[in-house]
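Notes for the one structure printed next.
The values are calculated or read from the model by the stated rules, or taken from the named source; none is laboratory data. Only a predicted model underlies this, so the values are computations on that prediction, with no experimental measurement involved. Here Cβ is always computed from backbone atoms with ideal geometry, including for glycine, and neighbour counts include all displayed protein chains. Protein only, heavy atoms only, side chains kept; ligands, DNA and RNA dropped before computing areas. Shrake-Rupley method; radii C 1.70, N 1.55, O 1.52, S 1.80 Å.
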Amino acid sequence: VVSRYVYDFGHVVKGTSRHKRFRMQNVGAHQVIFSWDKSVLAAHGFSVSPDVMPKLPGAPEYESTDVTLTLNTALDVVANGIIDVTVPLLIKGGPRALVTLRANVTTPELDVSAEVLDFASVQVGHIKAMHVQLRNDKSVPCEWSVVKPPKKKERGVVDTTADPFIFTPSRGTLQPGERKNVKVQFTPLASSPKGVVQKTSIQVKHNKQLTVLTCQGTGHTLAVRCDPAALDLGAVLPGVPDTTAAAAATRSAPAVQERIMWLVNDSAVDVEVYCPDFDKQFLVDEEMLRNAEGLHAAAAEGARLLLPPRVPGEGMWPHLVEADDRRRQAEDAATAAA
């Protein structure tokens, strides 16, 4: 054995190829003819290029040639784990050289902190967010993406209903030892006493096994009803004096029929009710929301603002009130300057 060489391919993802390029030069005085033991190379998933090695003259030209060794881990002969093989480099008429090839073949995998996300009961019109952590404990990068279940078809028509579960981000790459928190938002689209269950797959590139994350939750609406549902006030003639004691003294008011109607809250939480036709504060709040910062920027996505829920009786969000005050002051200043 005239010499020994080691080429380390490092960590290689199962199913991919990696190349090592180097230059071989004849530093002797005579011409050299050499070849690789291709049977040993092929038995471990390696190949060499060029297929036939050229003759290398010695002094004074000291010719050289570029050689590429390729490891193809997609071949059946290559299994996960450490590859450590020594390949003879045969030199015609001279001692041989030994080349050791090393690699660590690994299938990328993803560990998920939870297999089930239970959002419990969420009010329709609200959004609840939970987080799941993705972790890469392998020695190779892990490229992942969320694969949503296909939309259901009814009578040949694809369901275009918005997805109740949204993942942010929905794809990415984790380096060895890296972790990533993924936010999952549940938006109930309607009241669903039976709940919504969706199995979402997380696919890892070069790994046929899918990681399944089950998301479930129920939606509920606020239930307010009138009791009775309809009021019959009977016939009332305009101009007929009222028969109540208060109106009897003046004899100037028309007849009035009174009935009592109850507003009943059948929800599990407190509710706040108002009448848009008579509530002046409603109009003020609507104007404030219409000019809220960030609303116009989200117009392409449905002009939606994500704000923390308010308890019944609570006023407008303080930061929106402050922003609206600044807007009004700026408008007043612009008007005065004009």
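Can you tell me which of Gln216, Gln281, Gln123 moves the most in a GNM of the chain? Springs connect C-alpha atoms under 10 Å apart. It is Gln281.
Straight-line reach from Lys148: taking Cα to Cα under 20 Å and skipping same-chain neighbours fewer than 8 places apart, the lysines in range are Lys128, Lys180, Lys183, Lys199, Lys205, Lys208.
Projected label points at Val6 and Val236, each 7 Å from Cα along the beta carbon direction, are separated by 9.9 nanometres.
With the charge dipole of the chain set up from +1 on Lys and Arg Cβ and -1 on Asp and Glu Cβ about the Cα centre, the Cα lying farthest toward the positive end among the listed residues Pro164, Ala74, Pro108 is that of Ala74.
Between Ala129 and Asn265, what FRET efficiency follows from the Cβ-Cβ distance if R0 is 22 Å, with the result rounded to 0.05? Taking R0 as 22 Å, the efficiency between Ala129 and Asn265 is 0.20. The HN-Hα couplings worked out from phi for the range 130-138 by the Karplus form 6.51 cos²θ - 1.76 cosθ + 1.60 (θ = phi - 60°) are 10, 10, 10, 9, 9, 9, 10, 9, 8 Hz, whole numbers, x standing for Gly and Pro.
Of the beta bridges DSSP finds with both residues in the chain, what % are antiparallel, to the nearest 5? If we restrict to bridges inside the chain, about 80 percent are antiparallel. About the centre of its Cα atoms, the range 1-74 shows a dipole size close to 260 debye [charges on the beta carbon of Lys, Arg (+1) and Asp, Glu (-1) only; nearest 20 debye]. For the pair Glu293 and Lys205, the difference between a 0.36 nm per residue extended length and the Cα-Cα distance amounts to 27.7 nm.
Dipole of the chain computed with +1 at Lys/Arg Cβ and -1 at Asp/Glu Cβ about the Cα centre; of Thr65, Phe22, Gly234, farthest Cα towards the positive end is Thr65. Close amide H pairs (under 5 Å, H built 1.01 Å from N) link Asn104 with Gly10, His11, Val12, Ile83, residues at least 5 positions away or on another chain.
Against the chain, whose longest principal axis is taken from its Cα atoms, helix 318-337 shows a tilt of about 80°. Once the chain from Ala338 to Leu305 is taken as fully extended at 0.36 nm per residue, the excess over their C-alpha distance is 8.6 nm.
Per residue, how much accessible surface does the chain expose to a 1.4 Å probe? Answer in Å², no decimals. Walk me through the numbers before you get to the answer.
Numbers: 22190 Å² over 338 residues.
Normalised by residue count, the accessible surface of the chain is 66 Å².
Considering only Gly234, Gly294, Gly313, the mean-square fluctuation computed in a Gaussian network model of the chain, springs between alpha carbons under 10 angstrom, is largest for Gly234. Near Val212, the amide H atoms lying under 5 Å from its own belong to Ile202; only residues 5 or more places off or on other chains count, and H is placed 1.01 Å from N. Go ahead and collect, in residue order, the members of the range 93-109 whose backbone nitrogen is under 15 Å from a label point 7 Å along the Cα-Cβ direction of Thr86. Under 15 Å, as judged by backbone N against the label point of Thr86, lie 96-102 of the range 93-109. Placing unit charges on the Cβ atoms of the charged side chains and taking the dipole of the chain about its Cα centre, the candidate lying farthest along the positive direction among Val132, Gln209, Phe46 is Phe46.
By a 1.4 Å probe calculation restricted to protein chains, Phe167 has an accessible surface near 20 Å², given to the nearest 10. For the chain, the longest principal axis of the C-alpha atoms and the axis of helix 280-290 are separated by about 20°.
3J(HN,Hα) along the range 96-111: 8, 10, 10, 10, 9, 10, 10, 6, 10, 8, 9, 8, x, 9, 10, 9 Hz, from the Karplus curve 6.51 cos²θ - 1.76 cosθ + 1.60 with θ = phi - 60°, whole Hz, x for Gly and Pro. Remark on Val122: its backbone amide H falls under 5 Å from those of Thr218, Gly219, His220, a criterion applied only to residues 5 or more positions apart or on other chains, H modelled at 1.01 Å from N. Surface composition of the range 180-227: carbon plus sulfur atoms hold 50% of the accessible area, using a 1.4 angstrom probe and ignoring ligands, DNA and RNA. In summary, the lysines within cross-link reach of Lys55, defined as a Cα separation below 23 angstrom excluding same-chain residues under 8 places away, comprise Lys20, Lys38, Lys92. Simple point charges give the picture: +1 on the Cβ of Lys and Arg, -1 on the Cβ of Asp and Glu, and for the range 1-153 a dipole about the Cα centre of about 360 debye. Here the chain is treated with +1 on each Lys and Arg Cβ and -1 on each Asp and Glu Cβ, and its dipole about the Cα centre works out to around 2200 debye. Quick check: from the Cα gyration tensor, does the chain come out rounded (a/c under 1.5), prolate or oblate? The shape class here is prolate. For Lys152, the aspartates and glutamates whose Cα falls under 18 Å of its own Cα, not counting residues fewer than eight places away in the same chain, are Asp163. In loop segments of the range 1-92 as defined by DSSP, the trypsin sites (Lys or Arg not before Pro) with at most 11 further C-beta atoms inside 10 Å of their C-beta are Lys92.
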